[in-house]
Every structure is written in structure tokens, then in C-alpha cells.
């Protein structure tokens, strides 16, 4: 199973700004969201017979100090041969101008550390420089791209303008932190909330908010084979304030759902002090 941080894990930004950032930012709600994970379907080739787990996503930050995301993805995977517990723990920081992005991901299998990836990405003229500290020191240059905050801000902005399809790219430090992903994004028409929605209790006062249905396909930008098959796809319901729910994660041989079961809204950050 590929462990990754797709676009909706991007940092969520406070709504009030007194110092304009380097990119347009929609009014989004800082929050902590908890999702229950279950297997949707699996092919015989995957060998998977069951998946259950939990995903927790938490954002904190400000336009003065930058944005921090803490993300944990725990799954119990049952196959024809055994049962395996995987636990991915990620912390990222993106500066307020979207110029630097630091990341650390620890992956555990059956409670034993399997892999740790740590580094920093910095935007330079027409390229992205990535300095990796773990698992071993390395530096590399990738194509110019954007970080998760900008990716999400772009998505919200285009959805608000009614744009239904576009292509963009992303570096999020996932896996070996050595690639830029190309993403194709499909945004559906804004929909009214359904009072019978099973996620409504978790949404509480936000249960009546409208949302956009979104589908994102992720392609490996370094794949030179010319295959137009995405590495994985994500679909979800996106609210105006950045709350994401009703997740579907499709990895090809198998897919899983993520249903929102708990939502905590954080106080919005205070405006940045004037210079």
C-alpha cells in the first residue's frame, strides 16, 4: 500500500490577514479532523481481504509564522497470508510565503520503525532544491512546483470561479521526497448539504454548509514511460472553509473510504501586527 499525503492533507490557513502572503489564500478554518477508514474494494492481485483504521489531520498556523500540519494514518491490513499494522506519522511546516517546506515522516510496521524521511525543500529560480537529512544526507534539484498550501489555495480559488478541470503540480515530501507529482483536478458543481448525511453529526454546526465534489488524480512527474495511468486517485467533498470529508482513496489494486467521525474547530489566528 502506498502511504502518501494527497492534496486535501495540505495545510489549512487562517481567515484573517493584515499582511498579504505571496499567494492568494481563501478563508479556511484551522481544525483537527478524524476519519474512520474501511476497505472499499480490492482485486485478487492485491491479496488484501480487509482494511480498517483511522486517519487524523491537524492544522495550526498563522500568516505571520507559517503553517504546521500534523498527520497520522494508521491501518490494519489483512491479507491472505497475515495481518499487518501500519502507522505513518507526518509533520510539515510551510512558511507564510510558500518558499520553504520542511517535512518529517516516520513509518512504522507492527510498531517497529520501518523508515524515516526528513528534509527541507526551498524554491529557487525556476527549480526546487530539496535537502534530505534522513534516511541519509542528499541534495537534489526538481522541477519548479508548489507546496501543499498553495495547491489547496489554488483548488479553492478555481472552485469558487466555477472552473471544473485543470492540471497542476505538487511537492509534498511524501515517500522518498524525490519527485514532483502532476495532478489533474476535476471539480463538480457546488451541492447543497443533505440532512441525512451520515457525516452530519460530526460536522455539527457546519452540517448545512454547501460543498464541492472533487476528484484528483496523481501522476509521477518522473515517469518517462509515457503511461497515462495515475499512481492513485482521491475523491472527497470540499467545504468552502477547507473542511474535507467523505474520502475515497483509490490505489489501483484496492481502494478505501474515510468517513469523518470527529471535528474540532480551532480559534482563528489573530491578524499579523502591522510593520
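Each value in this text was obtained by applying a stated rule to the coordinates, not by laboratory testing. Owing to the predicted nature of the structure, the values given are computational and were not obtained by experimental measurement. Cβ: placed from backbone, ideal geometry, glycine included. Neighbour counts: every protein chain shown.
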Using the 2.2 N^0.38 Å rule of thumb for compact globular proteins, work out how the range 128-216 stacks up: its C-alpha Rg over that value, please. 1.45
Between residue 40 and residue 74, 0.36 nm times their residue separation minus their Cα-Cα distance comes to what? 10.6 nm
First check a/c for the range 7-265, with a ≥ b ≥ c the square roots of the eigenvalues of its C-alpha gyration tensor; if it is under 1.5, answer rounded, and if not, answer prolate when a/b is larger than b/c or oblate otherwise. rounded
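Under 8 Å for C-alpha pairs, at least 6 residues apart: give me the relative contact order for the range 7-265, rounded to a whole percent.
With pairs under 8 Å counted, the relative contact order is 18 percent.
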Inter-probe distance in nm under a simple model that places probes 7 Å from Cα toward Cβ, at residue 208 and residue 192: 1.2 nm
FRET efficiency (residue 164, residue 82; Cβ distance; R0 35 Å; to 0.05) is 0.20
Please work out how much length the chain gains when fully extended from residue 114 to residue 143, using 0.36 nm per residue of separation minus the C-alpha to C-alpha distance, in nm with one decimal. 7.6 nm
In nm, the gap between the two label points placed 7 Å beyond Cα toward Cβ at residue 253 and residue 136 is 2.7 nm
